[in-house]
1. Taking neighbour Cβ counts within 10 Å as the exposure measure, how do LEU165, LEU125 sort from fewest upward?
2. Taking the mean number of other Cβ atoms within 10 Å as a proxy for protection, how do you rank 249-260, 300-311 from highest to lowest?
3. Could I have the simple spin-label model distance between ALA100 and VAL221, label points 7 Å from Cα toward Cβ, reported in nm to one decimal?
4. For ILE167 and GLN46, calculate 0.36 nm times their separation in residues minus their Cα-Cα distance, and state this gained length in nm to one decimal.
5. Pop out the ³J(HN,Hα) list for segment 164-170 in order, Karplus 6.51 cos²θ - 1.76 cosθ + 1.60 with θ = phi - 60°, rounded to Hz; leave Gly and Pro as x.
6. Which order do the peptides 110-121, 129-140, 278-289 come out in when sorted by mean C-beta neighbours inside 10 angstrom, highest first?
7. What is the extension gain from ASN237 to ASP316, computed as 0.36 nm multiplied by their sequence separation minus the C-alpha to C-alpha distance, in nm to one decimal?
Amino acid sequence: MALRPNAGGIDVLDPAPLPSGRSTAAGGAAAPEGGEAASHGGFAVQALRVFAENKMAVVGAGIIVLIVLFCFVGPTIYHTNQTNASTALLSSTDNAPPSAQNPLGTNELGFDILGRLMYGGQVSLIVGFAAAAVATALGVAWGAIAGYLGGAVDAVMMRIVDTLLSIPTLLLLIVLGTILGRSEGLMIVVIAFGAWLTPARLVRGETLSLRVRDYVQAVKVMGGSKRRILYRHLVPNTLGTVVVNATFQVADAILYLAALGFVGLGVPTPQTDWGSMLSSGVDYAADGYWWEIYPVGIAIVLVVVALNFVGDALRDAFEVRLQRR
C-alpha cells in the first residue's frame, strides 16, 4: 500500500499490486495463482502416463513384442525343417554345437534349435494367451454372478471354487492332460480349467463391493434387469482387476505348459513347445550339450519376467489414487 495525493489534495491509499501470476477477475475477485487449470487428459491418457513411468514395464513390453516377432515372423526369414527328423539328419548332425549353419546348434534328432525355438514359441504363446483369455472370461462370469446374486447361490458357487483350489494345480493339470489328450486345443482347455479359479475369486470380491454403490441401486430403482446391471455396470468396473490378473494368467499358462511338456504331457510330435524342448535337452545336459537347454530356458524366463513387469505396471496404472497424477 502507498499514499498519494488525489485531485483535492487528500492523501489516499493505492491498492497493493497483485502477486506475479494473479490477475483481477470480473467483480474484483482475484483469479487463482498459476493461471488456468491444465487438463491431464482422460483415464486412458493417465494410465498410459503411469505405465510409461515404469521403465522396467516398458522394457518388458518391448521384450514381449520382440519375442512375438521372433516366433511368428522369424520362421518366414530363417527357414528350417521342424517336422521331418529324417530330412533334418540329412542336412545336419545330431547334437551339433553352434556353428555358422546352425547358430544355436542342433538337438538329438538333428533339428535346428534356433528354428525349433521359434516353432515351439508359437505353440507356447498361442496356448498361453488363449488359455488366459478363456480362464479370464469364465472367471469373470462366474465371479460376477456369484457376487451379485449372493446368498445361497454365492455360497454354492464359491464352495465349488474352494474345492477345486484345494487340489494342487499341477496335479489337476496332469490328470486332465492324461484323460483328455495332448492336442494344442485340449492344452488350452486343460490349462484354462485350472486357471479360472483365481479371477473368479477376485471378481466376486469386487462385485460384492460394487453392488451396494449408489449407481447400482439407482439402476435397480429404474427397473434395470439383473443382466444389464451385471454386464453394463458391474463387470466394466472390475476392468482394472481383470486386466492385471489376465497379464499374470498368461505368464502362469506358459509356465504350466512348460511344466506339462517337461513331464511328457506337452503337445504331441511333430509339434513342440518350450517345455518339451527343455525336457529333451535335460537328458543331454550332463554330456555338455548346453545349447539344448540354455536358449529355451532363457526364452521362458524372459517372457515370464517381462509379463510380470507389465502386470505390475498395469496394476499401478489402474490404481484409483494414481489417476490424479
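1. Details: LEU165 16, LEU125 22.
Ordered from fewest to most neighbouring Cβ atoms within 10 Å, LEU165, LEU125 come out as LEU165, LEU125.
2. On the way: 249-260: 24.4, 300-311: 19.3.
Peptide ranking by packing, descending: 249-260, 300-311.
3. Result: 8.1 nm between the two label points.
4. Details: separation 121, 0.36 × 121 = 43.56 nm, distance 4.04 nm.
Stretched out fully, the ILE167 to GLN46 stretch lengthens by 39.5 nm.
5. In residue order, the calculated couplings are 5, 5, 6, 8, x, 4, 5 Hz.
6. Ranked from most to least packed, the peptides come out as 110-121, 129-140, 278-289.
7. Values: separation 79, 0.36 × 79 = 28.44 nm, distance 1.61 nm.
Length difference between fully extended and current span is 26.8 nm.
Read-outs: derived from the displayed coordinates by stated rules, not from any lab. As the structure is a prediction and not an experimental result, all values here were calculated from the model. With ideal geometry, Cβ positions are generated from the backbone for all residues, glycine too; neighbour counts draw on all protein chains shown.
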